[in-house]
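Worksheet: the structure to be examined is printed underneath.
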């Protein structure tokens with residue numbers, strides 16, 4: 001059985017026991033914290049649940065196992081003839097999740 005969850009503006013296809021990196025979740029920053037997601041879609045063999053009535057009570061539970069950082073992104077803005085230059089950087093922080101259970105509700 002697998003489910004599709006939505007977090008950080010992105011959708012992820014997950015199965016039980018899978019580990020994945022998602023954008024950092026503000027509600028649970030502690031390692032070992034439990035996180036609950038409402039699924040967008042659940043597929044169990046030939047049975048597909050996608051409507052809000054079918055997904056009422058369905059949930060996907062996960063546990064935060066750590067934090068990682070993404071690659072460093074360096075940007076540079078330049079405006080010609082004005083001596084305006086700006087160098088900036090960004091490094092996204094990710095939470096590593098382990099999916100513990102998927103319930104159909």
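FYI, it's all coordinate maths here, none of it is from the lab. Being a predicted model, the structure only gives us computed values, none of them experimental. Note: ideal-geometry Cβ built from the backbone for every residue, glycine included; neighbour counts use all protein chains shown.
Mind checking which residues of the stretch 37-52 are surrounded by 12 or more Cβ atoms within 10 Å (Cβ to Cβ) and outside any loop (DSSP other than H, G, I, E, B)?
37, 41, 42, 43, 44, 49, listed by residue number.
Go over the candidates 96, 65, 77 one by one and state the one that is under 30 Å from residue 3 (Cα atoms) and more than 13 Å from the chain's Cα centre (by Cα). Give the steps one after another, and end with the answer.
On the way: 96 fails: more than 13 Å from the chain's Cα centre (by Cα); 77 fails: under 30 Å from residue 3 (Cα atoms).
Residue meeting the stated conditions: 65.
Do you know which residues across the stretch 18-36 are part of a loop (DSSP other than H, G, I, E, B) and either surrounded by 10 or more Cβ atoms within 10 Å (Cβ to Cβ) or in contact with a helix residue (DSSP H, G or I) (Cβ under 9 Å, 6 or more places away or on another chain) (or both)? Please lay out each step first, then the result.
First, pick out the residues of the stretch 18-36 that are part of a loop (DSSP other than H, G, I, E, B): 18, 24-33.
Within the stretch 18-36, 18, 24, 25, 28, 29, 31, 33 qualify.
Could you check the stretch 53-105 and list, in sequence order, the residues that are part of a loop (DSSP other than H, G, I, E, B), over 17 Å from residue 15 (Cα atoms) and touching a residue at least 24 places away in the same chain (Cβ under 8 Å)? Before the answer, list the steps.
The first filter runs over the stretch 53-105 and keeps only residues part of a loop (DSSP other than H, G, I, E, B), leaving 53-58, 70-72, 80-83, 91-92, 104-105.
Among the residues that remain, those that are also over 17 Å from residue 15 (Cα atoms) are: 53-54, 56-57, 70-72, 80-83, 91-92.
Once the filter is applied, which keeps residues that are part of a loop (DSSP other than H, G, I, E, B), over 17 Å from residue 15 (Cα atoms) and touching a residue at least 24 places away in the same chain (Cβ under 8 Å), the stretch 53-105 yields 56, 57, 70, 92.
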